[in-house]
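Have a look at the structure below before the remarks.
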C-alpha cells in the first residue's frame, strides 16, 4: 500500500472555520492511543498493528482520527478500525480516511459495520454482501462478530467496495 502524507482541508456546513489536518502513517508512540480509542469505541481489537494505520493529525500533531486495512487469508482486504474523535466528527476526517484507503488499496475492499453505519459507507460506493457470498476468511470473522453483536442486541453487516466499471 502506498502511504504518503498529504494535506486535506474540509469545512462542515455547521463550522465557520476550516479544519486542517494531514494524513500520515501512524507512529510507534501512537500504538497505545490507537488501541485505547478502538476499545473506547467498542470496535474489534483483534489484528491491531499500528504499522497498518493511517492517522489524521492536526497541525499540533494531535490525532483526530485513524483507520487501517487488515490483510486476511486468501488475499482479502478489510477496511476497519475507523475512529474519529468526537469533537471533529462530521467535519470530513472519516471521509478523508475512507477515500485514502480506497485510493491506495487493491479492490475489492470489505468492511464489517453495525447496521447504523450502512448509509455512511454507501456514500463511498460500498454495498452490502450476503454472508453466503463472503470469502471464507471474512465469513468466519462475520460469524464470530455476529455472535458477539447479538449479545449486546446489535447486528453486523458486511459491505464491499469495488470500483465502478467504465
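Structure data summary
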read-out: Enumeration of residues in the stretch 65-79 that are in contact (Cβ under 8 Å) with a residue 60 or more places away in the chain and surrounded by fewer than 16 Cβ atoms within 10 Å (Cβ to Cβ); value: 73, 74
read-out: Some residue of the stretch 90-100 being in a strand (DSSP E or B), closer than 20 Å to residue 34 by Cα, under 10 Å from the mean Cα position of the chain (by Cα) and in contact (Cβ under 8 Å) with a residue 12 or more places away in the chain; value: no
read-out: Which numbered condition residue 3 misses (of (1) in contact with a helix residue (DSSP H, G or I) (Cβ under 8 Å, 6 or more places away or on another chain); (2) surrounded by fewer than 17 Cβ atoms within 10 Å (Cβ to Cβ); (3) at pLDDT 95 or above); value: (3)
read-out: Among residues of the stretch 121-150, those that are touching a strand residue (DSSP E or B) at 6+ places or on another chain (Cβ under 9 Å), surrounded by fewer than 16 Cβ atoms within 10 Å (Cβ to Cβ) and at pLDDT 95 or above, counted; value: 3
read-out: Residues being closer than 19 Å to residue 121 by Cα and more than 9 Å from the chain's Cα centre (by Cα) - total across the stretch 56-77; value: 5
read-out: Residue check for residue 20: over 21 Å from residue 154 (Cβ atoms), touching a strand residue (DSSP E or B) at 6+ places or on another chain (Cβ under 8 Å), without any contact (Cβ under 8 Å) to a residue 60 or more places away in the chain and assigned to a loop (DSSP other than H, G, I, E, B); value: no
read-out: Test: residue 82 is buried (at least 20 other Cβ atoms within 10 Å of the Cβ) and at pLDDT 95 or above; value: yes
read-out: Filtered residues of the stretch 34-64 (kept if more than 26 Å from residue 146 (Cβ to Cβ) and without any contact (Cβ under 8 Å) to a residue 40 or more places away in the chain); value: 50, 51, 55, 57, 58, 59, 60, 61, 62, 63
read-out: Some residue of the stretch 110-118 being in a strand (DSSP E or B), closer than 23 Å to residue 53 by Cα, touching a residue at least 60 places away in the same chain (Cβ under 8 Å) and in contact with a helix residue (DSSP H, G or I) (Cβ under 7 Å, 6 or more places away or on another chain); value: yes
read-out: Qualifying residue in the stretch 25-48 (condition: part of a strand (DSSP E or B) and either surrounded by fewer than 20 Cβ atoms within 10 Å (Cβ to Cβ) or at pLDDT below 95 (or both)); value: yes
read-out: Verdict on residue 88 being modelled with pLDDT of 95 or more, buried (at least 16 other Cβ atoms within 10 Å of the Cβ) and either under 13 Å from residue 19 (Cα atoms) or touching a strand residue (DSSP E or B) at 6+ places or on another chain (Cβ under 8 Å) (or both); value: yes
read-out: Complete set of residues in the stretch 67-85 that are within 16 Å of residue 22 (Cβ to Cβ) and out of contact with any helix residue (DSSP H, G or I) (no Cβ under 6 Å at 6 or more places or on another chain); value: 85
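The values are calculated or read from the model by the stated rules, or taken from the named source; none is laboratory data. Since this is a predicted model, take the numbers as computed values, not measurements. Note: ideal-geometry Cβ built from the backbone for every residue, glycine included; neighbour counts use all protein chains shown.
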